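Q: Before I ask anything, here is the structure I am working with.
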Amino acid sequence: MIKVNQLDAGYGPIQVLYEVDLVADAQQITVIVGPNGSGKSTLLKSIMGSTTVYSGSVTYKGRDITARPKHQVANMGIAYLPQVESVFAKLTVKENLIMAGHALEREEFEARQEEVMGLFPFLKERLKAKATTFSGGERQMLAMAMALLRKPEVIMLDEPITHLDPKITSQVVDKIIELRDGLNLTVLLVEQNVKTALEISDKAYLLASGRTMYEGPSQELLENPELGRMYLGIG
Amino acid sequence: MLPTYVSGAIIYSNLLMLLSIGFTFAYLTAKVPNFAHGGNAAIGIYVTFTLVRIMELDPYWAILFAFPICGLTSALIYKGVIQALKRRGAGLISLSIATIAAQMMIFASVNIYADYMRGQAGAYARVFLFRNEDFEWLGLPGVLLVSTLLAVSIITVLHLMLTKTKFGIATRATVENADLAGTLGIDTELISLVSWFITGGLAGVAGTLLPLWFQSTPYTGSLILMSVFSASVVGGMSSIYGAMVGGYVIGLTEVLGTSFLSDQLGSWVLSYRPLIPLIAMFIILVRVPEGLAGIAGKIDLSRIRESASSLSTFARRRRGDRDA
């Protein structure tokens, strides 16, 4: 569904990714793990068109989307939840949802809003509350609701559970699994919480210093003591 | 009948408020202070001049013409200068200097136009005042009523636009986090372009009314920029509501302060009028570094609501005790 081919990318003159390849298959969870500064978030941002691409390409359903403006990539059906500031804190929940569905007609928006309220019922009672009053976990849920309202085919999550407490983490993890199994979405996940991420995903990529060190089934990486010890602090 | 200096203070504050709202709004969307904002006001001034002296129309028609002309000028500056330089990786300092260059170009164009008017149309366009062309209502100058009405209407429309329309909410979203807005499919460049059109239009509208009370010259737009900048900074540069209050605080301080000081110290003080907004800005920022919008942000509404609720419960109990 998403294919990254020999991508060299970074920010202005600072190159972060070197000849990175990635294939995210439809209706699977593909996880990208690696130590801090390995280029995981930069890879997601490069797919969204937010970085400087020096060479290589990104395709989505066979269409070249390399370095396209991010609003165009978003409107093609790719949702992206950034690591921080994934919601508009100064806007109300309702306004955040309106922004997520800004391209929809009113009736369609109302119908989809009802759908996401079914998935995240706590939002219904807090439509007029500003997102700034939400906890970290609640913000992640709102960000997911905003992404789902747009009915994307691909959802990219940048460290959605890294800073959450264990109880909230399990709720968010359940929602991520539901995205794949219940809503048949393609999930591309970047996560520091390596063990959990590998357990719920189908395929894994290990990045280190901007290069791909491993590509294959998540279970195999989880059981590889050498790579786990060297790069991930597990095993 | 109001004293002349009070009328002048209110008119000036109304217009300064419109200009400050525009300056702050443009800054919030593009994160660049638009020093060409005074140039748009200067264009507005000369739209009024053209309509009154050349076309012999009522000065208030200028509002209709100035809004699109100045809006387009501002949008052109955004598209041709800000956006183009940003794409080439220009930083805040380069962009700010670029808007100063745009201001100089507008200033030069207005000067050329003023000379052309004198040469070709025989109308003296270097210094003018149109108080005699204005109407009066119940002894009040027309521009006092129109500027107040316009300020209230524009604030109301802007508030409704920002809170009730999709475009307005998208503008607030872009101001808060343009990256996130982009990832939601919002065309943030379009939002900034339209916002700059609106802010340019507002500056033009404010400019059209200036010659109805204040002596105007090609320099007026550049001179008023200092007050606009002070009002926006006092307002906090983070909210158009702060800019509204900032516009009034600086406007009233500048006119009434100058009037008071000239009464006390002599008319020589009048030459130093442009210093007053800067001194006011300095004093306010020493006390409230985040500007007036920062004070509003610190007010905890939930605590006020809680206190109000406790007070009303207390009052109900007291009433109950009395009745018993």
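Q: Looking at chain B, which longest stretch skips every one of the trypsin sites (Lys or Arg not before Pro) that is in a DSSP loop with at most 15 other Cβ atoms within 10 Å, leaving the sites themselves out?
A: The answer is B:127-324.
Q: Taking the Cα atoms only, what angle lies between the long axis of helix B:61-77 and the longest principal axis of chain B, rounded to 10 degrees?
A: 90 degrees
Q: Taking 0.36 nm per residue of separation and subtracting the Cα-Cα distance, what length does fully extending A:ALA26 through A:LYS151 add?
A: Stretched out fully, the A:ALA26 to A:LYS151 stretch lengthens by 43.5 nm.
Q: Relative to the longest principal axis of chain A, what angle (0 to 90°, nearest 10) does the C-alpha long axis of helix A:166-181 take?
A: Computed tilt is about 90 degrees.
Q: Let me know the shape class of the range B:1-153, please: from the alpha-carbon gyration tensor, a ≥ b ≥ c as square roots of the eigenvalues, rounded when a/c is under 1.5, otherwise prolate if a/b is greater than b/c, or oblate.
A: Oblate shape, in that a/c is at least 1.5 and b/c is the bigger or equal ratio.
Q: Once amide H atoms are built 1.01 Å from N in the peptide plane, which residues 5 or more positions from A:MET156, or in another chain, come under 5 Å H to H?
A: The answer is A:ALA79, A:TYR80, A:LEU81, A:LEU188.
Q: Below 8 Å between Cα atoms, with a sequence gap of 6+, how large is the relative contact order for chain B in percent?
A: After rounding, I find 32 percent.
Q: How well do other chains shield peptide A:142-153, expressed as the mean number of their Cβ atoms within 10 Å of each residue Cβ?
A: Averaged over the peptide's residues, the number is 1.
Q: Ignore the peptide's own chain and count Cβ atoms of other chains within 10 Å of each Cβ in A:84-91; give me the average, rounded.
A: 4
Q: Ok, one more. Can you figure out the FRET efficiency of A:GLU199 with A:ALA89, using R₀ = 22 Å and their beta-carbon distance, to the nearest 0.05?
A: 0.10
Q: Here's another thing I want to ask about it. Between A:GLU220 and B:THR156, what FRET efficiency follows from the Cβ-Cβ distance if R0 is 51 Å, with the result rounded to 0.05?
A: Efficiency at R0 = 51 Å is approximately 0.20.
Q: Same structure again: How high is the relative contact order of the range B:132-198, in percent, counting Cα pairs under 8 Å that sit 6 or more residues apart?
A: 16 percent
Q: Could you tell me the calculated FRET efficiency between A:ILE14 and B:LEU149, based on Cβ-Cβ distance and R0 = 56 angstrom, to the nearest 0.05?
A: Efficiency, from the Cβ-Cβ distance: 0.55.
Q: Karplus couplings for the range A:49-62 from phi (6.51 cos²θ - 1.76 cosθ + 1.60, θ = phi - 60°), rounded to Hz, Gly and Pro as x?
A: Listing the rounded values in order: x, 9, 10, 8, 9, 8, 7, x, 8, 10, 10, 10, 6, x Hz.
Q: Amide H of A:TYR214 versus every other amide H placed in the peptide plane: which residues, excluding those fewer than 5 positions away on the same chain, fall under 5 Å?
A: HN-HN under 5 Å from A:TYR214: A:LEU206.
Q: Could you work out how far the C-alpha centroid of the range B:205-254 sits from that of the range A:168-235, in angstrom?
A: 56 Å
Q: Would you mind checking which residues have amide H under 5 Å from A:THR52's amide H? H placed 1.01 Å from N; only 5 or more apart, or other chain.
A: Hits under the 5 Å cutoff: A:GLY10, A:TYR11, A:GLY12.
Q: I've got another one for you. To the nearest 500 deg cm²/dmol, what mean residue ellipticity at 222 nm is calculated for chain A from DSSP H runs of n ≥ 4 alone, each contributing -39,500 (n - 2.57), summed and divided by the residues?
A: -10000 deg cm²/dmol
Q: What is the distance, in nm, between label points placed 7 Å from the Cα along the Cα-to-Cβ direction at A:ARG211 and at B:LYS31?
A: 3.3 nm
Q: Here's something else I'd like to know. Label 7 Å along Cα→Cβ of A:TYR54; the range B:87-124 residues with amide nitrogen under 19 Å?
A: B:89
Q: Between the range B:174-203 and the range A:52-82, what is the separation of their alpha carbon centroids in Å?
A: Here the two parts' Cα centres lie 21 Å apart.
Q: To continue, here is another question. What angle do you read, to the nearest 10 degrees and between 0 and 90, between the alpha-carbon axis of helix A:136-149 and the longest principal axis of chain A?
A: The angle comes out near 80 degrees.
Q: Could you give me the ³J(HN,Hα) list for the range A:4-15, computed from phi with Karplus coefficients 6.51, -1.76, 1.60 and θ = phi - 60°, whole Hz, x at Gly and Pro?
A: 10, 10, 6, 7, 10, 8, x, 10, x, x, 8, 7
Q: Averaged over its residues, how many other protein chain Cβ atoms are within 10 Å of peptide B:169-177's Cβ atoms?
A: Counting other chains' Cβ atoms within 10 Å and averaging over B:169-177 gives 5.
Q: How much length, in nm to one decimal, is gained on full extension between A:GLU110 and A:PHE122, taken as 0.36 nm per residue of separation minus their Cα-Cα distance?
A: Here the segment from A:GLU110 to A:PHE122 would lengthen by 2.6 nm.
Q: Then there's this: Ordered by residue, what ³J(HN,Hα) values in Hz, to whole numbers, does the range A:150-157 give under the Karplus form 6.51 cos²θ - 1.76 cosθ + 1.60, where θ = phi - 60° and Gly and Pro are x?
A: Using θ = phi - 60°, the values come out as 8, 6, x, 9, 10, 10, 10, 10 Hz.
Q: Between B:GLU56 and B:GLN83, what is the label-to-label distance in nm when each label sits 7 Å out along the Cα-to-Cβ direction?
A: My value for the distance between the label points is 4.3 nm.
Q: What is the packing order of peptides A:155-162, B:195-202, A:117-124, B:217-224, taking the mean over residues of other C-beta atoms within 10 Å and listing the highest first?
A: My ranking of the peptides, most packed first, is B:195-202, A:155-162, B:217-224, A:117-124.
Q: Further, regarding this structure: Could you tell me the relative contact order of the range A:2-232? Use alpha-carbon pairs under 8 Å, at least six residues apart, and round to a whole percent.
A: Relative contact order for the range A:2-232 comes out at 28 percent.
Q: Starting from the Cα gyration tensor of chain B, take the square roots of the eigenvalues, sort them a ≥ b ≥ c, and report rounded, prolate or oblate (rounded when a/c is under 1.5, otherwise prolate if a/b is larger than b/c, else oblate).
A: oblate
Quick note: the coordinates plus some simple rules give every number you see, no bench work behind them. In this text the structure is predicted, and so the values were computed from the model without any measurement. Note that we place each Cβ from the backbone using ideal geometry, even for glycine, and neighbour counts take in every protein chain shown.
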